[in-house]
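Report on one structure; see the data block that follows.
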Amino acid sequence: MTHSDDALLPLDAVRPPASSKDTKGAVVAAPERPVARVVVDSPLPHLDRPFDYLVPAAMHEAARPGVRVRVRFAGKLIDAFLLERVDESDHEGKLTPLERVVSPEQVLTPEIAGLARAVADRYAGTLTDVLRLAVPPRHAKAEAEVPPPADPAPPPAPSGEAAQSASATVAPAVGSESPAVTHAGGSGSPAVAVAQVAPGAPAEDGGAQGVAGSSFPGRVPEPAASPPVNELAEQDGARQAATRADGRAAAGPAHVNGDAPERAAEGRKSAWDAYPTGPSFLDALRHGRAPRAVWSALPGATGWAGAMAEAVLATLDGGRGAVLVVPDGKDVALADAEFERLLGPGRHVALTADLGPAERYRRWLKVLRGQVRAVVGTRAAMFAPVAELGLVAIWDDGDDLHAERLAPYPHAREVLGLRAHRTGAAMLIGGYARTAEATQLIAARWARPIVAARTMIRSLAPRVRPAGEDAELAKDQAARQARLPSLAWRALRQGLESGPVLVQVPRRGYLPALACRHCRAPARCVLPPTRVAPHLAAPPALVEAGARAEAEPEAGTLATATDAPGATPEGHGSGESQCHGPLALRAGHAAPYCRWCGRVDADWRCPSCGSPRLRAVVTGARRTAEELGRAFPSVQVRTSGRDGVLAGVPAARALVVATPGAEPVAEGGYAAAVLLDGWALLGRADLRAGEETLRRWMNAAALLRPSAELVVLGDAGLPAVQALLRWDPITHAERELGDRAELGFPPAVRMATLTGSASAVRQMLDEVRLPPDAQVLGPVPVDESGLERAMIRVRRGGGAALSAALKGASGVRAARKTPDVVRVSVDPLDLI
């Protein structure tokens, strides 16, 4: 084609291809909203804010809010999330353009972005750390496999007030204590401007602020200084919901009317019928309201997963989505089976860590794209991006597995409470026992209890018999010293006549703790450490320069402990060179081994008296199973614990030995149960020892058949044993909350801990600007590693100010590049 032919072609044919740069090499900005606000993947606290970048014209269509992008930050290419696009930037200089859009998938929804910001502020953390927990890593193959969502069928239109609630727009609540957090020069954004209101916020100012008992979906709750939205009068077991001027019914936590609510399926017996307020709770979910309740589940092997599935089904019938968070994979399997049975196939997904990155991301994308609206999973599911969220539920909120192990260490109950408050969703906290935190929500009128009648509880609860009763000790004097008294043996024999029997053992392993049989001193490892630092292995003052050049290891390596000073010819250390780890046994004929260094010491002798003989201090689950196998040779003995967790057992005769939390569900319930070594649970140096012990006991006792015999090895006068005897976790929780309020412990107050080296903790305490009413306790040594911990206590109303102060101090230390790291934890579980 000649040059003259160019004049005959259309103008578009000879126009150069579109480029993100002009003729001078400058980047051409997008025609609309050319400024992108992104949050970069950096854990540094002083960088916890959005940054403005230029959107090139070539990325105008792909750079949408919520996508993953790559940006150049401090000279490096790092990952980031695009929060929003705006018309102008407050930055006066030249903006750096986006490098590329990693994927067009909008993985960060505005609701999850706002929730992550609120969680970060609540726990004095960074938005990036929370987003790592909320958004799973990208799996490109799984992202390409999942088809785009088809147009879903419209949900059944609710009638009356449900239609009004479903069509309303949800806005986050703003309290007087928690002003919105804005970034990038003060221009607010729905993705980053959030309200900081915790589930227990109404109690922070003596219960005078916040929502008392109801929250309206699609309505901004009353300001913090306002009186409660409605007062629920209790008369003859019924609560009447107040109505607002606009004609919508208030969505109280529990609505009980004289007439039973309409059933979605007539004739089908519901698990909630056993509770006076249960049917009204389902009715509120079905009609699009937002009840908030603390549910005390019934014992008697009735199960909890079916009731949770019914609550989720009622929420789906109302045209909204639901999220259920459970402690572990065993509970996920139980709930998954009930969801599959009740909801039908393909209407929910189960999210657990053991799925693998591809399958987990594939299921998470189904939730993101709206293909399913019901999610059950472990604590990571609390951030599931369910559209039109109507219910957040958590089972067994006292389990420590609900507390995240990664910074900023959020708890699933608090995150779900924040999410329910921000979105106007319902919340359900369920369990056989009750925590002090759940009791605090009821005391603050943020939630209402769902409890069965006492006659119903008595008919289903097991017959609890403490082994420390005076009458039993009078019959069997040896029972004071025996690990299994005659009362427990009788319960095992009688229970095996009609079905499986459960034996709960607090400690796993065989013999996890040993002592000298002669002097009772704890058995410790006397071997030298496996490795020591090079400067300790060969001191320069004792070694000639030429010899040291040959014998000394290279820089950065570790020398073997046998070359360390102080090692004996037999390989046993002395003084400071010993390991000092606790000894344990893996089997009956095995030699003791160290639980720290892992080495076997067959020639161990007590350093105090020289005796080579050992005795058991604590008996583990495997040793217990071995002893029971000898006592009942014709009965199958099954174990469930760390080595393998059983989901269920048949109704045949068997002895099931399990550690707390690993008890399998028996078909038809257990015929009897024995709870061993109660002193090991109650004697722990922990603020929550009594509450945690009762929770573990009740979780095991709830698996028994109605009126089955339960033997607990504990003093009958202890509060936890008394609560188990009466099956009254509510009184125990109320007493626990009162004791903590008197002593100044959470949840009556807000508390934060600073853990690090002694100098770093003291320096941070000197620099942080604490609230005026803050009380500093410590610092005190944590362990032999040299770390120290300080505790800071404020009233509940000062929790937001405390978190902001600690986050600011962490940011200052990070900006100065201080080498010593101080771990900040707000309201941790392990205070003592």
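The GluC sites (Glu not before Pro) of the range 33-107 meeting both criteria, a DSSP state outside H, G, I, E and B (loop) and at most 12 other C-beta atoms within 10 angstrom of the site's C-beta, are Glu61, Glu88, Glu92.
Can you figure out the FRET efficiency of Glu627 with Asp783, using R₀ = 35 Å and their beta-carbon distance, to the nearest 0.05?
That pair, Glu627 with Asp783, gives E of 0.55.
Of the listed residues Ile730, Ile457, the order by accessible area with a 1.4 Å probe, largest first, is Ile730, Ile457. Ranking Leu777, Ala809, Ala748 by how far each Cα lies toward the positive end of the dipole of the range 720-832 (charges on Cβ) leaves Ala809 at the top. Residue ranges 818-828, 708-718 sort as 708-718, 818-828 when ordered by packing (mean number of other C-beta atoms within 10 Å per residue, highest first).
When the Cα positions of Ile429, Ile442, Pro357 are compared along the charge dipole of the range 342-446, Pro357 comes out farthest toward the positive end, with charges on each C-beta of Lys, Arg, Asp and Glu. Accessible surface ranking for Val617, Val69, 1.4 angstrom probe, highest first: Val617, Val69. Could you tell me the calculated FRET efficiency between Arg769 and Ala680, based on Cβ-Cβ distance and R0 = 41 angstrom, to the nearest 0.05? With R0 = 41 Å, the Cβ-Cβ based efficiency is 0.40.
How many percent of DSSP beta bridges within the range 629-769 run antiparallel, rounded to 5? So the antiparallel bridges in the range 629-769 amount to around 10 percent. Summing charges over neighbours of Asp48, with a neighbour being any other residue whose Cβ is under 14 Å away from its Cβ, gives +4 when K and R count +1 and D and E count -1. Accessible surface of the range 379-438, 1.4 Å probe: 52 percent of it comes from carbon and sulfur atoms. Distance between the pseudo-spin-label points of Arg493 and Ala353 (7 Å out from Cα toward the beta carbon): 4.5 nm.
For the range 710-804, the fraction of 1.4 Å probe accessible surface lying on carbon and sulfur atoms is 53 percent. Our estimate of slack between Lys94 and Glu667, defined as 0.36 nm per intervening residue step minus the Cα-Cα distance, is 199.4 nm.
What residues of the range 351-389 lie in the reach of a label at Leu401, counting those whose backbone N is under 17 Å from a point 7 Å from the Cα along Cα→Cβ? Inside the label zone: 351-356, 376-383.
The values are calculated or read from the model by the stated rules, or taken from the named source; none is laboratory data. Quick caveat, the model's predicted, so the values are computed rather than measured. Quick reminder, even Gly has a Cβ in these numbers, built from the backbone with ideal geometry, and neighbours come from all protein chains shown. Protein only, heavy atoms only, side chains kept; ligands, DNA and RNA dropped before computing areas. Shrake-Rupley method; radii C 1.70, N 1.55, O 1.52, S 1.80 Å.
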